[in-house]
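Participant: Following this message is one structure expressed as structure tokens.
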Amino acid sequence: MASTTAIGIDIGGTGIKGGIVDLKTGELVSDRVKLATPKGGKPDDIVETTREVLDALEGDGPDAQVGVCFPAIVKSGRTLSAANVAKEWIGLEAEKLFEKVLGRNILFVNDADAAGYAETEFGAAKDVDGLVILTTLGTGIGSALIYDGILVPNAELGHLEIDGHDAESRAAYSAKERDDLDWKQWCKRLTKYYRTVEFLFSPDLFVVGGGVSKNWDEFGDLIDIDTKIVPAVHRNNAGILGAAALAARGHHKRPVTKA
């Protein structure tokens, strides 16, 4: 009988957090454990802190499936980029390193992909057919593509070039703060960004995540596009939920489909 729970761990630039996830409801069935990301973000230090988080969650047993999400392009378990962590991650066989230190099989996945999958399984995009694009608006713009429940990994749509600029340098939430924009001014930039993505992909739904999504009532109606656009449901827990669900229901070496 398949387990009804799995462990998800979300590694970020400032914190590493984890929890045990009910795979039917998408709810945490444990306390959320969070430790500070080691200064410098070096691989060995982050893996060790991840082990400490996992040790605190072992109430789910040593055979629990574990998913770990990370702010990088992840291809076949190898990290091909590094955001807010050390450059040593670039080209690293990260999944193998984690498995060696943790002493167990894991699934290692991009953090935006995990968040997008969480919204498809348990949140704003549940039961939505066609193409769903999740974007996280924060320091940069993360993105995830899910088509009929199948995750297409490593979509870096925050790096589209628009008007000669990397899109996230103009439209991320950090750009709003840097340039002291009000909601209306920022949403002019967001509208240009989402119209570009809309033209290129013709999605059926946009889901907007990141911490700023809690302020959706302030800016959501100011994004002027044709595609339906809604705020994410799970926000800070999305990475944990998605990583756990991906670990339990599939593997990065084959398409991940709904149960």
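The values are calculated or read from the model by the stated rules, or taken from the named source; none is laboratory data. A quick note: this is a predicted structure, and the numbers were derived from the prediction, not measured. Virtual Cβ from ideal backbone geometry, glycine too; neighbours counted across all protein chains shown. Protein only, heavy atoms only, side chains kept; ligands, DNA and RNA dropped before computing areas. Shrake-Rupley method; radii C 1.70, N 1.55, O 1.52, S 1.80 Å.
Participant: Could you tell me which residue out of L145, V101, A232 lies farthest along the dipole of the chain toward its positive end? Charges go on the beta carbon: Lys and Arg +1, Asp and Glu -1, centred on the Cα centre.
Facilitator: V101
Participant: May I ask you to work out the translational diffusion coefficient for the chain at 37 °C, viscosity 0.692 mPa s, via Stokes-Einstein with Rh from the Kirkwood sum over Cα pairs, reported in whole µm²/s? Please list the in-between numbers first.
Facilitator: Values: Rh = 18.3 Å.
Reported coefficient: 179 µm²/s.
Participant: Which distance in nm do the two modelled labels at K87 and D221 give, with both placed 7 Å along the Cα-to-Cβ direction?
Facilitator: Those two pseudo-labels are separated by 4.8 nm.
Participant: Right, here's the next one. Hey, quick one: spin label on D163, modelled 7 Å out along Cα-Cβ, who in the range 208-228 has an amide N within reach, i.e. under 15 Å?
Facilitator: It comes to 224, nothing else.
Participant: OK, next. With only Lys, Arg, Asp and Glu charged, each at its Cβ (+1 for the first two, -1 for the last two), find how big the charge dipole of the chain is about the Cα centre; round to the nearest 20 debye.
Facilitator: On the way: 29 positive and 39 negative charges, 69 e Å.
Dipole size: approximately 340 debye.
Participant: Another question about this same structure. Suppose R0 equals 30 Å. What FRET efficiency, 1/(1 + (r/R0)^6) with r the Cβ-Cβ distance, do S76 and R51 give to the nearest 0.05? It would help to have the intermediate numbers written out before the result.
Facilitator: Working: r = 23 Å, r/R0 = 0.76.
In this case the efficiency is close to 0.85.
Participant: Using a 1.4 angstrom probe, figure out how much accessible area the range 69-147 has per residue, in square angstrom, rounded to the nearest whole.
Facilitator: 37 Å²
Participant: Here is a follow-up. Step through the residues of the range 18-35 one at a time and calculate ³J(HN,Hα) from phi using the Karplus curve (6.51 cos²θ - 1.76 cosθ + 1.60, θ = phi - 60°), rounding each to whole Hz and writing x for Gly and Pro.
Facilitator: Per residue, the Karplus-derived 3J(HN,Hα) values read x, x, 8, 10, 6, 6, 8, 9, x, 9, 6, 10, 9, 5, 7, 9, 9, 10 Hz.
Participant: In whole Hz, what ³J(HN,Hα) sequence does the range 64-76 give by Karplus (6.51, -1.76, 1.60; θ = phi - 60°), x for Gly and Pro?
Facilitator: Listing the rounded values in order: 4, 6, 10, x, 10, 10, 8, x, 7, 5, 10, 10, 6 Hz.
Participant: Please report the equivalent ellipsoid semi-axes of the range 139-217, computed as sqrt(5 x eigenvalue) of the Cα gyration tensor, largest first, in whole Å. Walk me through the numbers before you get to the answer.
Facilitator: Details: eigenvalues 93, 42, 28 Å².
Equivalent ellipsoid semi-axes, largest first: 22, 15, 12 Å.
Participant: Charges at C-beta only: +1 for Lys and Arg, -1 for Asp and Glu. How large is the resulting dipole of the range 1-100 about its Cα centre, in Debye rounded to 20? Numbers along the way, then the final one.
Facilitator: Working: 12 positive and 16 negative charges, 93 e Å.
I would put it at about 440 debye.
Participant: Share of antiparallel DSSP beta bridges in the chain, in percent to the nearest 5?
Facilitator: Working: 27 of 43 bridges.
Percent antiparallel among DSSP bridges in the chain is about 65.
Participant: What value, in deg cm²/dmol to 500, does the helix sum -39500 (n - 2.57) over DSSP H runs of n ≥ 4 give at 222 nm once divided by the residues of the chain? Before the final figure, lay out the partial values.
Facilitator: Details: 8 runs with 81 residues, N = 259.
-9000 deg cm²/dmol, from helical runs alone.
Participant: Quick one: how many Å² of R170 are accessible to a 1.4 Å probe, rounded to 10?
Facilitator: It works out to around 100 Å².
Participant: Continuing with the same structure: Can you give the FRET efficiency to the nearest 0.05 for D182 and E156, using r as the Cβ-Cβ distance and R₀ = 30 Å? Numbers along the way, then the final one.
Facilitator: Numbers: r = 28 Å, r/R0 = 0.94.
It comes out at approximately 0.60.
Participant: Return the loop-located GluC sites (Glu not before Pro) in the range 47-124 (DSSP other than H, G, I, E, B) with at most 15 other Cβ atoms within 10 Å of their own Cβ; answer none if there are none.
Facilitator: Numbers: sites: E48, E52, E58, E88, E93, E95, E99, E119, E121; in loops: E93.
Answer by residue number: E93.
Participant: A further question on this structure: Highest first, please rank the peptides 20-27, 156-163, 65-72 by the mean number of other Cβ atoms sitting within 10 Å of their residues.
Facilitator: Details: 20-27: 18.6, 156-163: 15.5, 65-72: 27.1.
Taking the mean over residues of other Cβ atoms within 10 Å, the ranking is 65-72, 20-27, 156-163.
Participant: Here's another thing I want to ask about it. Quick check: residue separation of T25 and R104 times 0.36 nm, minus the Cα distance between them. What number comes out in nm? List each step's numbers first, then the result.
Facilitator: On the way: separation 79, 0.36 × 79 = 28.44 nm, distance 2.55 nm.
Result for the pair: 25.9 nm of gain on full extension.
Participant: Taking a threshold of 18 Å on the Cα-Cα distance, which of the pairs K126/K184; K24/K126; K24/K214; K192/K214; K39/K87 fall above it? Walk me through the numbers on the way to the answer.
Facilitator: On the way: K126/K184 29 Å; K24/K126 12 Å; K24/K214 25 Å; K192/K214 22 Å; K39/K87 13 Å.
Those over the limit are K126/K184; K24/K214; K192/K214.
Participant: Restricting to bridges with both residues inside the range 106-259, how much of the DSSP beta-bridge set is antiparallel, in percent to the nearest 5? Walk me through the intermediate numbers first.
Facilitator: Working: 12 of 20 bridges.
Antiparallel bridges: around 60 percent, rounded to the nearest 5.
Participant: Using 7 Å Cα-to-Cβ label points, what is the K126/R195 separation (nm, one decimal)?
Facilitator: Going by the 7 Å Cα→Cβ label model, 3.5 nm.
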